[in-house]
1. Scan the stretch 160-177 for residues that are surrounded by 24 or more Cβ atoms within 10 Å (Cβ to Cβ) and either within 18 Å of the chain's Cα centre (by Cα) or without any contact (Cβ under 8 Å) to a residue 24 or more places away in the chain (or both) and report the count.
2. Among the residues of the stretch 218-245, which ones are surrounded by fewer than 24 Cβ atoms within 10 Å (Cβ to Cβ) and either within 18 Å of ASN303 (Cα to Cα) or in the same structural domain as PRO47 (by TED's automatic domain parsing) (or both)?
3. Sort out which residues of the stretch 285-294 are without any contact (Cβ under 8 Å) to a residue 60 or more places away in the chain and surrounded by 14 or more Cβ atoms within 10 Å (Cβ to Cβ), and write them in order of number.
4. Would you call GLY189 part of a helix (DSSP H, G or I) and under 12 Å from HIS148 (Cβ atoms)?
5. All but one of (1) closer than 25 Å to VAL208 by Cβ; (2) without any contact (Cβ under 8 Å) to a residue 40 or more places away in the chain hold for LYS240, so report the exception by its number.
6. Restricting attention to the stretch 278-332, report how many residues are part of a helix (DSSP H, G or I) and out of contact with any helix residue (DSSP H, G or I) (no Cβ under 8 Å at 6 or more places or on another chain).
7. VAL12 - would you say it is farther than 20 Å from TYR120 by Cα, part of a strand (DSSP E or B) and hydrophobic (A, V, I, L, M, F, W, C)?
8. Test GLY50 against the stated conditions and say whether it is in a helix (DSSP H, G or I) and touching a helix residue (DSSP H, G or I) at 6+ places or on another chain (Cβ under 7 Å).
Amino acid sequence: MRTIEWKGDHVVLVDQTLLPDEIHWVEVRDVDTMIDAIRRLAVRGAPAIGVAGAFGVAIAAQRAEHERLGTEHVRAEAGRLRVARPTAVNLATAVDEVLVRADAGAAAVVADAVALAERYALADRQLAQRGADLLEELGAVPARVHTHCNTGALATVDWGTALGIVRELHARSEIVSVTADETRPLLQGSRLTAFELDRLGIDHRVVVDGAGPSVIARGLADAVIVGADRIAANGDVANKIGTYPLALAAARAGIPFVVAAPESTLDPATPTGADIAIEERDEDEVLVFGGRRVAPSGSRAFNPAFDVTPADLVTAIVTERRVIRPARGDRL
């Protein structure tokens, strides 16, 4: 199934906050609803929120044309969309890409947004094949893969990045098993990645985030494959919090640490990882569990949503077009 789709004059998307208990489709007919969906992670994953941003501009363009509000209204709404979440570069890039067609009318903006979604879907398939070829080249197959967060169809449009490589390896009968970190604070590994792996019939198990590096150290993984939300010009990688320790463990164990991301996630305008804005989320995502506060009332939480893995720990970045090897000095 596709995570997000354009339906004539509105958008439908899977509310990922309700998975795996319920598959619920949200209809998005205005920019406020789209921004809310992005912020509360009903739609998440760098490529998926890029498509959501582009579709949001299309909705704004339709409204502006229907109510004769002018292109300034579209530009203002686009400005709100592009900052709905700060770390993933795909959101701002996709919004800006379709916004350039605002003067051409709503139909042109819609066409460009739909084309962008189709391009993202194709890129994932190409990336998956290239990534599987790389794992074969590195001698890491048949593979026991360790992964983090969610990088499947739910995070993209209909295939996946890091989990897309896993799907391709599975199709080649080269996957032994997958270990998925639960991924705090919203459990996107245990709720979403496990959900997708289960539907695909791929053998898997979930571990707590703190166990991930130890699993690798014990020789229970042949490769770590993760996604990315933004990749700086020098190859530093911003991804969901908890990624950096996996890279350290992979380097110590001598196994590949592979980052799978479309070209749209590369950000040559950001020199290094230190220049990437790291989103900090609500403290209650850490302090509250199941609607009940689990920490003392006087306790505070630090809740960064992402961390940055230095380029020298990255074996390869796989995109739909190429393989970049930052540890060897490759730059974007």
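The values are calculated or read from the model by the stated rules, or taken from the named source; none is laboratory data. As the structure is a computational prediction, the values presented were derived from the model and not from experiment. Methodologically, a virtual Cβ is constructed for each residue, glycine included, from the backbone with ideal geometry; neighbour enumeration extends over all protein chains shown.
1. Looking only at that region, the number is 7.
2. Result: ILE241, GLY242, TYR244, PRO245.
3. Those that are without any contact (Cβ under 8 Å) to a residue 60 or more places away in the chain and surrounded by 14 or more Cβ atoms within 10 Å (Cβ to Cβ): LEU287, VAL288.
4. Here the answer is yes, as GLY189 does meet what is asked.
5. LYS240 satisfies all of (1) closer than 25 Å to VAL208 by Cβ; (2) without any contact (Cβ under 8 Å) to a residue 40 or more places away in the chain except (2).
6. Residues meeting the conditions: 5.
7. Answer is no for this residue.
8. Yes; evaluated as a whole, the condition is true for this residue.
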